[in-house]
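Enquirer: A single structure is presented below for examination.
Read-outs: derived from the displayed coordinates by stated rules, not from any lab. Everything quoted here is computed from the prediction, not taken from an experiment. Note that each Cβ is placed from the backbone with ideal geometry, even for glycine, and that neighbours are counted across all protein chains shown.
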Amino acid sequence: MDEDCSKDQNNDKATVKHLHATLTIDQEKQIKTIWRTTTDEFKDEAVTHLHKVLSNEFGISSKDYPDTSKYLASCIDFCWKMGVQEKPMHLDTLAEKEDGLERIFVQDKFKAYTKSGKRVAYLVWPALFVHEGGAMLAKGIAQGCKEIENLNDSVHA
């Protein structure tokens, strides 16, 4: 879902950048203001779309989980506002890195959730950066595990 939203957002940005060459400075400022204030219309449309995806792909009905709509709307609002910055804020979900022949927990960007370990069982929350390649605002959180064999046990525990 995040990838779809990122693709849509990148396509929108590419269109704006393409048209940028024909705009005056005042017109550009007006467009950026409109872009930043369209959150509510976008949020409602996105929540409806996400409910369809959750229903079709996972069998989760919004009627079964009424608070889900509020949560999704808050997440979309937050992510939209992060994405419409001059340099979009960046969420990093890569909690493991290559170390020789194995992948290990990235402790400089992520802290352990309830268990630590050399490996990552699952991501709890992404790391937040001012923009891609910029300064870190907050470490992410990931569930650690000792070895790859523990992965299935940790995910379903």
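Enquirer: For the chain, what mean projected area does the convex hull of the alpha carbons give, in nm²?
Expert: 12.1
Enquirer: What angle do you read, to the nearest 10 degrees and between 0 and 90, between the alpha-carbon axis of helix 25-37 and the longest principal axis of the chain?
Expert: 50
Enquirer: Can you sort R36, R103, R119 from fewest to most other Cβ atoms within 10 Å of each residue's own Cβ?
Expert: R36, R103, R119
Enquirer: Next question. Among the listed pairs K7/K52; K52/K115; K32/K70, give every one whose C-alpha distance is greater than 28 Å.
Expert: K52/K115
Enquirer: Under 1.5 on a/c is rounded, so check that first for the stretch 98-142, then, if it is not, pick prolate when a/b is larger than b/c and oblate when it is not; a ≥ b ≥ c are the square roots of the alpha carbon gyration tensor eigenvalues.
Expert: Oblate shape, in that a/c is at least 1.5 and b/c is the bigger or equal ratio.
Enquirer: Related question: Could you list, in their original order, any pairs among K43/K63; K81/K109; K87/K118; K87/K146; K87/K111 whose Cα atoms are separated by more than 29 Å?
Expert: K87/K118; K87/K146
Enquirer: Divide by every residue of the chain the summed helix terms, -39500 (n - 2.57) for each DSSP H run of at least 4, and state the resulting mean residue ellipticity at 222 nm, rounded to the nearest 500 deg cm²/dmol.
Expert: Estimated from H runs of four or more residues: -15500 deg cm²/dmol.
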